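Nothing in this text is a laboratory measurement; each read-out follows from the coordinates by a stated rule. Please read these numbers as outputs of a predicted model, since none were measured by experiment. With ideal geometry, Cβ positions are generated from the backbone for all residues, glycine too; neighbour counts draw on all protein chains shown.
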């Protein structure tokens, strides 16, 4: 049972396992969790049960229910919004015009409307803010305005933002070695990397994701991270922190961008050690409790209570919009400054485009990665948080636009979703930039 | 590992296992989780780790940390407060005078001050409301105003309240048999009990709590309720609903009060079937999202996502104060009526005192139990929600007083805490009733 549960949980913890598409993939509408009736009834019928460990809860189409219900499956920590009144976002809706916008998906000659792109991308929530006001807001599938949705690897961008804040404030020196902050990592591949290399994921780490190899690092990591009790004969690392100490080097630090979640787990450790606060607590203290959030967020934890800084957060759509506004307005929201403007200026500048090029992202050519944010280096100066299965907070400074998409696309990798979304974002940005 | 984990979790799921007192019991101050340093550090030192399954997380003094952190140990469901602004409670603090009040604990000739009683009872949070305003509010141990604390069996009173609302509104007939609502329970001991007998716990159910007997019902229930994956060779019931179907009769229904948590799990099933909403969702819909709550609450779930209606809720101190105000003001709060006044009138009237007497509660002589609330039948007309380790929402209509105590008393049973608390509540009530 344990092993099946671990297999079932792997894509959540690692957020990379490609889900096999069925020959006839269900559409967004056909795979709507309300249509399929997952977890409905008291009790749900056996074939409608998502939660049981052998039910493969993070495979499509079940994942379309699961993305809104991680806390029912796993232990979590709260990211408190505090207890005061939320600061509501203003509305200036322009949904009919936006729905009708058309664009050509990458590599396609056919045009697609904005509205069609939402279904094509299995969108669960779409929020567009222009000049600080909501111009577009839609919910589908498992999500509504009171719900929370897995942010997946957008969690990394929260961890990276907190690290950038500590760097800008001088309490973390990104030129120092990881060992100088976390001596326990001295003998691991992280030890002689700089904090900046970890923040920009240019470390050289041996971390294989060959799912067919039972000894692959991904499996060791997954077993370590799983909050369920370890089997009696288990002798591997227990929790994120123990796993990180076992990571071996591969190649050199600082040469190429390698998107490996374990960098963020190491960064989570670093910012906790420096701040004296857990990732969840620091995120609440610095951001969530000060941005007028309307909902708490939460983060899954390992068996020792360490939050999954690399991918464990769930949050509401509009609260992620507030994160986008904070980034767009360089640290200010509701007339309050939460962090120095140089934080965003640094992120927008981006990381090494040369290092990024080596990773071969076809849909992100010319881009870079810095402080756990993706930088497009396009004429709009756009940058984004991104997570598997279609999550994004997309910030376009030129258009004064923030766009948040929460989704449950059948396959994990965003390369499959970018063709019908990045060009669409550009079209919306152009529309908003020129409409006044 | 699983078995150790189950043992560790048993007092949480069943909330009845007496915790052995050490010869020299640590005082409230000595056992403060911040003093003992539980779960502090990145990572916590091995001897400061509470979360691991073999650490016996619900034994004193670790339980003083655990009562504020259930969601980090177990899967949970949210009880949403909604997304609007909370409605703050007003203050009229009178803490110095209340701290100095004195009383004689039951069976004692020595007087004790109110302030001393807080430490004697390992209080984590104490809130007193008089005429709708906060006159006293203190936090200790793991709790602060932004924290949530295990409500333990006060959860039952939420389940009972929802059932009473459905009865008062006519959508649930409490004279009907359980089978008429839940046919799956027809062959169990619940089948021919009336809904009212379940609500008042006068059912005759075979449910032994002999911890030394590995086949005792308490163990079967605990294994069924545990959200962790079942061992491969497990063949028992999975989840609350399956367990309830296996309960055998013992004695007759309607004759005596027997405090058995499984009644509340059955009632949780009944109100879900009738309302079409899970316990958590119904509680949010009818109460939590309408009372001006400042925090969401949450409830632990079994492996099939069924909320633990018998004991799984955690909530903030002031939000439990709002529940008390709702009861005191017979369904009204902030000028809104949330349920018919007859709900509280019925509860205050109480259950069968004759049936209650047979259970032999020495500290609650003359009392009764109705709709999962404890009724004292004293001259103040007081009634209460109560949970192991010292939880209470105590409502005194004559004094226009609500008192909420959250605590982590070393032993589970409230019989050990009542002597230093029930007389103290009476003294505070007298003081408040006469001070103006």
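Quick one: B:136, A:211, fewest Cβ neighbours within 10 Å first, how do they rank? Before the final figure, lay out the partial values.
On the way: B:136 22, A:211 15.
The most exposed by this proxy come first: A:211, B:136.
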With only alpha-carbon atoms in the gyration tensor, what are the semi-axes of the equivalent ellipsoid for segment B:170-263, in Å, largest first? 25, 16, 10
Using a label position 7 Å from Cα in the Cα→Cβ direction, what is the ascending list of nm distances from residue B:366 to the same site in the other copies? 8.5
How many nm is it between the label spots at residue B:378 and residue B:104, if each spot is 7 Å from the Cα in line with the beta carbon? 1.5
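Looking at segment A:244-306, what % of the alpha carbon pairs are farther apart than 16 Å?
Details: 1156 of 1953 pairs.
Summing the P(r) tail past 16 Å for segment A:244-306 gives 59 percent.
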Using only the alpha-carbon atoms, what does the protein assembly as shown span along each of its principal axes? Please give whole angstrom values in decreasing order. 81, 59, 53
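I'd like the mean, over residues of B:143-156, of how many other protein chain beta carbons sit within 10 Å of each residue's own Cβ. Display every interim value, and only then the final one.
On the way: counts 0, 0, 2, 7, 2, 2, 0, 0, 0, 0, 0, 0, 0, 0.
Per residue, the average neighbour count from other chains is 1.
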Suppose a student asked you for the relative contact order of chain B, using Cα pairs under 8 Å spaced at least 6 residues apart; what percent would you report? 23
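Using every Cα-Cα pair within segment A:32-160, state what percent have a distance larger than 25 Å. List each step's numbers first, then the result.
Details: 3558 of 8256 pairs.
Within segment A:32-160, distances greater than 25 Å cover 43 percent of Cα pairs.
For segment B:314-416, what is the per residue volume of the convex hull drawn over the alpha-carbon atoms, in cubic angstrom?
Details: hull volume 10.7 nm³, N = 103.
So the per-residue Cα hull volume is 104 Å³.
So if R0 is 45 Å, what FRET efficiency would residue B:245 and residue B:434 give, r being the distance between their Cβ atoms, rounded to the nearest 0.05? Mind showing how you got there, number by number?
Working: r = 53 Å, r/R0 = 1.18.
Working from the Cβ atoms, E equals 0.25.
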For peptide A:233-240, how many partner chain Cβ atoms fall within 10 Å of a residue's Cβ, on average? 1
Cβ-vector label at 7 Å, residue A:246, separations to other copies in nm: 3.6
Between copies, how close do the residue B:215 label points come, placed 7 Å along Cα→Cβ, listed in nm from shortest? 4.7
Chain A Cβ-axis minimum, rotational copy B, residue and distance in Å: A:85, 2
Where the centre of each part is set by its Cα atoms, how far does segment B:38-78 sit from segment A:47-107, in angstrom? 29
Please report, for the Cα atoms of chain A, the Rg to one decimal and the Dmax as a whole number; what are they, in angstrom? 20.5, 66
Pairwise label distance in nanometres, residue B:345 with residue A:144, each label 7 Å out on the Cα-Cβ vector: 3.3
Taking N as the number of residues in segment A:259-393, the ratio of its alpha carbon radius of gyration to 2.2 N^0.38 Å works out to 1.08
Inter-site label distance for residue A:111 and residue A:54 at 7 Å from Cα along Cβ, in nm: 5.3
With a 10 Å Cβ neighbour count serving as the proxy for reagent exposure, in which order, fewest first, do A:64, B:348, B:322 appear? B:348, B:322, A:64
Using only Cα atoms, locate the centre of segment B:398-415 and the centre of segment A:272-298, then give the distance between them in Å, rounded to an integer. 32
Averaged over peptide B:46-53, how many Cβ atoms belonging to another chain are found within 10 Å of each residue's Cβ? 3
Can you list, bin by bin at 10 Å, the percent of alpha carbon pairs in segment B:390-436, starting at 0? 25, 50, 21, 4
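Helix-derived [θ] at 222 nm for chain A: sum -39500 (n - 2.57) over DSSP H runs of at least 4, divide by residue count, nearest 500? Can you show the working numbers first?
On the way: 17 runs with 133 residues, N = 436.
Value at 222 nm, helices only, nearest 500: -8000 deg cm²/dmol.
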